[in-house]
1. Give the range 205-261 a look and list any residue that's assigned to a helix (DSSP H, G or I) and over 22 Å from the mean Cα position of the chain (by Cα), or say none.
2. Considering only the range 56-88, state which residues are among the hydrophobic types (A, V, I, L, M, F, W, C) and over 29 Å from ALA123 (Cα atoms).
3. Would you be able to tell me the number of residues in the range 7-32 that are more than 30 Å from THR317 (Cα to Cα) and either in a helix (DSSP H, G or I) or among the hydrophobic types (A, V, I, L, M, F, W, C) (or both)?
4. Can you name every residue in the range 222-254 that is at pLDDT below 95 and crowded, with 19+ Cβ neighbours inside 10 Å?
5. Could you grab me the full set of residues in the range 82-104 that are buried (at least 22 other Cβ atoms within 10 Å of the Cβ), of a type outside the set (Ser, Thr, Tyr) and not in a loop (DSSP other than H, G, I, E, B)?
6. Is one or more of the residues making up the range 280-302 on the phi < 0 side of the Ramachandran plot and in contact with a Pro (Cβ under 6 Å, 6 or more places away or on another chain)?
7. Determine whether ILE89 is in contact (Cβ under 8 Å) with a residue 40 or more places away in the chain and closer than 30 Å to VAL196 by Cα.
8. Looking at the range 167-187 only, could you name the residues that are open to solvent by 50 Å² or more (accessible area, probe 1.4 Å), in contact (Cβ under 8 Å) with a residue 40 or more places away in the chain and farther than 17 Å from LEU44 by Cβ?
Amino acid sequence: MLSVLTITFPFFALVLCGYLAARRGVLPQPAIPGLNAFVLYFALPCMLYRFGASTPIGKLLDPAVAGVYVLCALVMVAGTVALTRNARIGWNDAAFGALVAAFPNTGFMGVPLLVALLGAQSAGPAIFIVLIDMVFTSSVCIALSRLDGAGAQGAGAAVRSALKGIATNPMPWSIALGAVASALQVQLPGPVDKTVAMLADAASPVALFTIGAVLARSQMNQHEQVLARDYVPVALAKLLVHPLLVWCVGTAAIALGVPLAPFALTVLVLLAALPSASNVSLLAEKFGAHNGRIARIILVSTALAFVSFSAAVALLT
């Protein structure tokens, strides 16, 4: 466990540094979008491209990985909506609560953390999961969020809006370009490759710092009271139920003869054990959900993940 903590501690410490910097005013709130833009449009796409280009295409696009993960995502979404929707929490809030329960912080945290823990071979499944969550899981939850008539859009229009947002997000395109480069064995020219490498090396520390700053900003800007029973169970489901579900489904799939490598299953379980994706808060705000509740789920899951994720690593590796 101590050897695991020596690897995971710096990642969560950087999140804490960003949180404290924003809370104490060392990092002004108007500067946070600039950090976020640097990570989203420059550093992280370069990191995803490099990992994708260096991963064999067969390991990058694994149907068994996709099948197991998508099934578990659907179960998490359906279960969370069924258990949380009530007189106070309608379809809109329940759907975005389900999204934070099923959408791990793979892009900003998972890819660099798993590569540090398991090696570069873990990047393929992790990058594939980023794509699945951004395109599939998000679209399903956004469609569900429209079922109670919240907002002016219907489910179809909301999904089209979400897909348009995905189309303008550089992360899926960087993954796709990396896959093409892997398939065609394309090598970037030396100076370009060096530039991409420098931006990629900046992705992990800046992204983790930015997560902390975004969480602090969300907390500072939400002054209304939210009942603990409306967000703590969802955070615990993300950290405990989601990885256990992935492990059970993956183990059953292997027993039934599905060609899912044990190593890929380990990567999937650890991805599921990550805290909730911080960008869900932006989606919730865009579609009129209770962003204070969503921000608290993300904050609690991120704080508790230092212990729960490290324990999951110790058990599986």
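The values are calculated or read from the model by the stated rules, or taken from the named source; none is laboratory data. It should be emphasised that the depicted structure is a prediction, and the values quoted were computed from it without experimental measurement. Every residue, glycine among them, receives a Cβ derived from its backbone with ideal geometry; neighbour counts consider all protein chains shown. Surface accessibility is based on the protein's heavy atoms, side chains included, excluding ligands, DNA and RNA. Shrake-Rupley method; radii C 1.70, N 1.55, O 1.52, S 1.80 Å.
1. If we filter the range 205-261 for residues that are assigned to a helix (DSSP H, G or I), which is where we start, we get 205-220, 228-230, 232-255.
The answer is MET220, ALA228, ARG229, THR251, ALA252, ALA253, ILE254, ALA255.
2. Our first condition is that a residue be among the hydrophobic types (A, V, I, L, M, F, W, C); within the range 56-88, this holds for 57, 60-61, 64-66, 68, 70-78, 81-83, 87.
The answer is VAL81, ALA82, LEU83, ALA87.
3. Of all residues in the range 7-32, those more than 30 Å from THR317 (Cα to Cα) come to 20-32.
Restricting the remaining residues to those that are either in a helix (DSSP H, G or I) or among the hydrophobic types (A, V, I, L, M, F, W, C) (or both) gives 20-23, 26-27, 29-32.
Here the count works out to 10.
4. ASP230, TYR231
5. Within the range 82-104, the subset buried (at least 22 other Cβ atoms within 10 Å of the Cβ) is 84, 92-104.
This time we only want the ones that are of a type outside the set (Ser, Thr, Tyr), so: 92-104.
Result: ASN92, ASP93, ALA94, ALA95, PHE96, GLY97, ALA98, LEU99, VAL100, ALA101, ALA102, PRO104.
6. Kept after step one, since they are on the phi < 0 side of the Ramachandran plot, are these residues of the range 280-302: 280-287, 289-302.
Now narrow it down to the ones that are in contact with a Pro (Cβ under 6 Å, 6 or more places away or on another chain): 301-302.
Yes: one or more hits.
7. no
8. Hits for the range 167-187 are ALA183, VAL186.
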